[in-house]
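Bear in mind these aren't lab numbers, they're just calculated from the coordinates by the rules spelled out. Since this is a predicted model, take the numbers as computed values, not measurements. Using ideal geometry, Cβ is built from the backbone for each residue, glycine included, and neighbour counts are taken over all protein chains shown.
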Amino acid sequence: MGVTDFPTKIAVVVRDDLATWQRLNITAFLMTGIAATGPEGTVGPNYEDADGVQYLPMLRQPVLVYEASAEALRKSHRRALERDAELAIYTHELFATGHDDENRAAVKAVRTEDLDLVGLAIRAPHRQADQILRGLKRHP
């Protein structure tokens, strides 16, 4: 199944000036928000190999990954908020925190317009997602 076979589009946007490990870390964390809050059927059943070994389930839907400058990321964030898209964010401060409570406190301490965004993830209807992601390039 392709991206257009689903009622929504899922996308992650990471800032283009980060180290590879940071981009991967951000993507992994952001996708937990998408998976945890999706409607029924977002995550499929467990996988099983031919020997009967069970593996954890994954999203049923493709995930598009984009990269963006800091300004383009802020623009996408603003567009997502204007369209009430389902949104997860990752800020630069989260690289220095040690656990979830510190993460929440780091985000809570900063006004929306001042967030130092390094990544975001959205789940939105296709047209809405395309408007949010307009001008961004897919991650190579």
### Task
With both partners inside the chain, how many of the DSSP beta bridges are antiparallel, as a percent to the nearest 5?
75
### Message
Starting from the Kirkwood Rh over alpha-carbon pairs, what translational D in µm² s⁻¹ does the chain have by Stokes-Einstein at 4 °C and 1.567 mPa s?
### Response
81
### Task
Grab the other residues whose beta carbon is less than 12 angstrom from that of K108, score K and R as +1, D and E as -1, and report the net.
-1
### Message
So if each residue of separation counts as 0.36 nm, and I subtract the Cα-Cα distance between R127 and A109, what length gain in nm does that give?
### Response
3.2 nm
### Among 47-55, 117-125, 12-20, 85-93, the order from most to least packed when residues are scored by Cβ within 10 Å on average
117-125, 85-93, 12-20, 47-55
### Message
Could you work out how much longer the chain between T4 and R78 gets when fully extended? Use 0.36 nm per residue separation minus the Cα distance between them, nm to one decimal.
### Response
24.2 nm
### Query
Given labels modelled 7 Å from the Cα in the Cβ direction, how far is it in nm from D101 to R138?
4.3
